[in-house]
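To start, the structure itself, in structure tokens.
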Amino acid sequence: MFAVNVAINLPVKSLFRQFTYAVPEKLSFLDRGWRVVVPFSGQKVEGFVVERCALPTAPGMLAKIKYVEAALGECPWFDNEMLATATWLAQYYMCSLAEAMRLFVPGKTSIRRQAVRDAAGHLLYYTYGERLKEKTVQAFAVTEAGREALESGELLKRARAQHGALAVLADATEWLSAAELGAKGVSRAVLKALWERGLVAQKEKRVLRNSYARPVAVGESLQLTAEQQLAVDAINKSIDSNKQEMFLLQGITGSGKTEVYLRAAAHAVDAGKQVLMLVPEIALTAQLVKRFQAWFGDQIAVAHSKLSQNERGDVWYRMRTRQAQVLIGVRSAVFAPFADLGLVIIDEEHETSYKQEERPNYHAREVALARCRNTGAPLILGSATPDITSYYKALCGEYIHLRLTQRPNGSQLPAVHVVDMRRELQEKNFSVLSRQLQQALVTTVAEGEQAIVLLNRRGYSTFVMCRDCGHTITCPHCAVALVYHSAHEDMRCHYCGNTAPVPTECPNCHSRRIKFFGTGTQKAEAELQQLPDVRVLRMDQDSTMAKFAHEDILRQFASGASNVLIGTQMVAKGHDIPNVTLVGVLSADSALNLPDYRASERAFSLLTQAAGRAGRGTRPGQVIFQTYDVENEIIQLAAKQDYDGFAKIELEARKEFFYPPFAQMLKLTIWDKSDGEGLALAQRLVFYLQRLQLEGKLSADALQISGPFPALVSKVRDLYRFNVLIKAKDLGPVKEAILKSEFKEQKNIYFDVDPVSVV
Ligand code: ADP
Ligand code: ZN
Ligand code: ZN
């Protein structure tokens, strides 16, 4: 007999240690990577076998040891590569191995307990099954007796239909369902008769749910441009040689990156390998999914965030059993099992939706990198505005830099005008739309063309304030202003979702002079509707709550049913609508004013991506940036769509202030119901690290510890939040020191490695 070390999958606890269980004879096949059911503090829970080990020898220990109860599934869930990636993830993102491994399993806790009772209803024992339900149908095949009957022809006279059915079944290479047999002219009555006579056998056959299965036409093939060909050649060479290389595919908007992805993916599939393609959000990339489907047909599996747990289980199953070759999915698809992963593509790699904002705070790009290192698959990162860190790595030669500088269909990048909103005010235009944008909108729709208007704030107004005492209406649970929403005529908190009626008087001084300030998408929508012949559609979080709402809105807009699309940043991304010739950005500087080291990067990328939506067809596009800060360098560079120019100044600033890519960063967020206790805990943590630093026990190079500071939104859902920021050349020693301390398992301390924002 032997034992196994098991990581316990209990989401409520962050258990860092593993537990040893004896393996009973009937489970002697167990090895690393299996999912099992084990007893744990009076419960039966799921665990992951981390390794086999010897039984403890101390007699006391042996007497106390508990046994593994059951194994889940038909084979180990984790192969060596997945285990290696999970181990790396736990270390890098400072979580337990169980937390890291759980990410690979569809569904949070995936065992289901069923009580087995005697006739009197007394509980006898529990059985365990997988929570994932396989969808099955009855399937049929011919038996030996059936073959004999067919050959002897004994049924020919009395039962021709049964004879015919046996012939169909004898020809089949796999088990056929009643529906499949029906299509071949075999009725259910005939099947039943054959089964009763023992001439056919019956079993359950697994069928896979595929919510994206749609017949599509085979895609046409384009002649690649020279730049595209160069990129494809380089990547294909890497796929063939099984050399683990990383590519940064930097191509201006509309330069045909998708075509490069398609060719590289096809090359990998032809070589018998599987491809993982990550996208920021499926709903906003419907066009890309369609192009892949046109090319690969049913070799594609799609994993979006709205899949049910069972559907996700089916998608994973198709990848593992090679029933699909290409997986397109959002962030969490980076944890899918593969039979033979040969290429990973990350589209729009700069998008922050690749970062998980809850524990463990992993970034899909880093996880993909780890998986590629462990499998030898090449990785393609694609973007018009790469993450500054990726760009820097390409400059340093760590990534191979591939560039697409032209649009293949010959269309030009749009002309961008920067409009000074201060002047509009001085000249008594109080609308959120500048005169130039109004004019351009009117002309565009008059010509039968379409426009996109971006405003990165939802709701109607952005805050409500008393004119007499200056009191702002804030959420009682969060330290932010409530936003007026015209649709329901109420006030909403964008952090906790709390709603409140619109006050008729100031809660502070009882004045009735309450006023709405600022502009959100709803108010902009109302103003746009005043323009002649403008038919507006709005796309923001409030209008896209329903499943597939994004697609519906984009489809409606692409069909021409409306001619102006207003929305938050989701209107700036991905889609390719040739009739859009005008893009307006209502407050181009709003993203710049965040007190965060990545504010410029985000603003630049949002503005460039938005501008890239205009003039993708045959007619030239124009773009209008409205701003209160016309001289702003970032806005000017975005207007010229000069990524390299932007990157140059941004990298200089990052170097000077010691931010990534020149430093590694760790953000610790401490939250507590009590303001004082949260702060005290944060201070203890800082003192602990500072003491180690003073005593020379932290060998981290250029270590900087700052904080605690209250978070930018210092209270959310009644919890106070404090941040501590740590920067170093290499954070390894700091992570180690924290993981050795009492702070490691504290539930109200959040470790965010490589945070996407520091506020
Ligand atoms: P990106 O993803 O870089 O923004 P897309 O891949 O969506 O760009 O390509 C933009 C447009 O150019 C698409 O309509 C695409 O069909 C077209 N296109 C891409 N490559 C070529 C090519 N080699 N020849 C002609 N048209 C192309
Ligand atoms: Zn007041
Ligand atoms: Zn709130």
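Under a point spin-label approximation (7 Å from Cα along Cα-to-Cβ), what is the residue 555-residue 649 distance to one decimal in nm?
Distance between the two pseudo-spin positions: 4.4 nm.
Principal axis lengths of the range 367-446 from Cα atoms, whole Å, largest first?
Projected onto the principal axes, the Cα atoms of the range 367-446 cover 62, 30, 21 Å.
So for the range 495-633, Kirkwood radius off the Cα pairs, Stokes-Einstein at 4 °C and 1.567 mPa s: how many µm² s⁻¹?
Approximately 75 µm²/s, per Stokes-Einstein.
Using a cut-off of 26 Å between alpha-carbon atoms, which lysines can reach residue 192, once sequence neighbours fewer than 8 places away in the same chain are excluded?
135, 157, 184, 203, 205
Amide H of residue 415 versus every other amide H placed in the peptide plane: which residues, excluding those fewer than 5 positions away on the same chain, fall under 5 Å?
Amide H neighbours of residue 415: 621, 623.
Taking a virtual spin label 7 Å from the Cα of residue 55 along the C-beta vector, which residues in the range 1-43 bring their backbone nitrogen under 11 Å of it?
Counting backbone N atoms under 11 Å from the label point, the list is 1-3, 22-25.
Starting at the first residue of the range 536-543, write each ³J(HN,Hα) from the Karplus equation 6.51 cos²θ - 1.76 cosθ + 1.60 with θ = phi - 60°, in whole Hz, x for Gly and Pro.
Using θ = phi - 60°, the values come out as 9, 10, 10, 10, 8, 4, 6, 8 Hz.
Please compute the Kirkwood hydrodynamic radius of the chain from all pairs of different C-alpha atoms, in Å with one decimal.
Hydrodynamic radius (Kirkwood, Cα only) of the chain equals 29.7 Å.
What ranking, highest mean first, results for peptides 274-283, 364-373, 77-86 when packing means the other Cβ atoms within 10 Å averaged over each residue?
274-283, 364-373, 77-86
About the Cα centre, and with charges only on the beta carbon of Lys, Arg (+1) and Asp, Glu (-1), how big is the dipole of the chain? Nearest 20 debye, please.
For the chain, the charge dipole is close to 1720 debye.
Counting only DSSP beta bridges with both residues in the range 451-582, what percent are antiparallel, rounded to the nearest 5?
Counting DSSP beta bridges with both partners in the range 451-582, the antiparallel share is about 55 percent.
Consider a paramagnetic label point 7 Å from the Cα of residue 468 along Cα→Cβ; state which residues of the range 500-515 have an amide N under 13 Å from it.
Under 13 Å, as judged by backbone N against the label point of residue 468, lie 504-515 of the range 500-515.
Mind ranking 352-361, 731-740 by how tightly packed they are, going by the mean number of other C-beta atoms within 10 angstrom, highest first?
731-740, 352-361
Would you list, by chain and number, the lysines whose Cα falls below 22 Å from the Cα of residue 428, excluding same-chain residues fewer than 8 positions away?
515, 523
Taking 0.36 nm per residue of sequence separation and subtracting the Cα-Cα distance, how much length would be gained by fully extending the chain between residue 206 and residue 695, in nm to one decimal?
Contour length minus the Cα-Cα distance gives 169.9 nm.
Extending each Cα 7 Å along its Cβ direction at residue 184 and residue 91, get the distance between those two points in nm, one decimal.
5.4
Suppose a student asked you for the relative contact order of the range 329-485, using Cα pairs under 8 Å spaced at least 6 residues apart; what percent would you report?
Once divided by the residue count of the range 329-485, the mean separation gives 14 percent.
Given a cut-off of under 8 Å on Cα pairs at least six residues apart, what relative contact order in percent is computed for the range 611-738?
25
Taking just the alpha-carbon atoms of the range 274-377, what radius of gyration and Dmax come out, in angstrom?
12.8, 37
With the cut-off at 21 Å, tell me which of the pairs 44/306; 243/727; 697/740; 573/667; 290/355 have Cα atoms farther apart than that.
44/306; 243/727; 573/667; 290/355
Given the C-alpha atoms of the range 583-688, compute the convex hull and give its volume per residue in Å³.
Normalising the Cα hull of the range 583-688 by residue number yields 156 Å³.
With charges set only on the Cβ (+1 for Lys and Arg, -1 for Asp and Glu), what does the dipole of the range 318-470 come to about its Cα centre, in debye to the nearest 20?
My answer is approximately 340 debye.
Relative contact order for the chain: what percent, with Cα pairs under 8 Å and sequence separation of 6 or more?
With pairs under 8 Å counted, the relative contact order is 10 percent.
I'd like to verify something in the chain: which complete DSSP H helices, judged by Cα projection on the helix axis, reach 24 Å or more and average at least -0.5 on the Kyte-Doolittle scale?
Span-like helices in the chain: 675-694.
Just to confirm my numbers, what's the Cα centroid distance between the range 664-691 and the range 580-619 in Å?
36
Mind checking the range 480-552 for GluC sites (Glu not before Pro) that DSSP puts in a loop (not H, G, I, E or B) and that have at most 11 other Cβ atoms within 10 Å?
Passing sites in the range 480-552 are 489.
The numbers here are math on the coordinates, done by the rules we state, and not lab data. Quick caveat, the model's predicted, so the values are computed rather than measured. Virtual Cβ from ideal backbone geometry, glycine too; neighbours counted across all protein chains shown.
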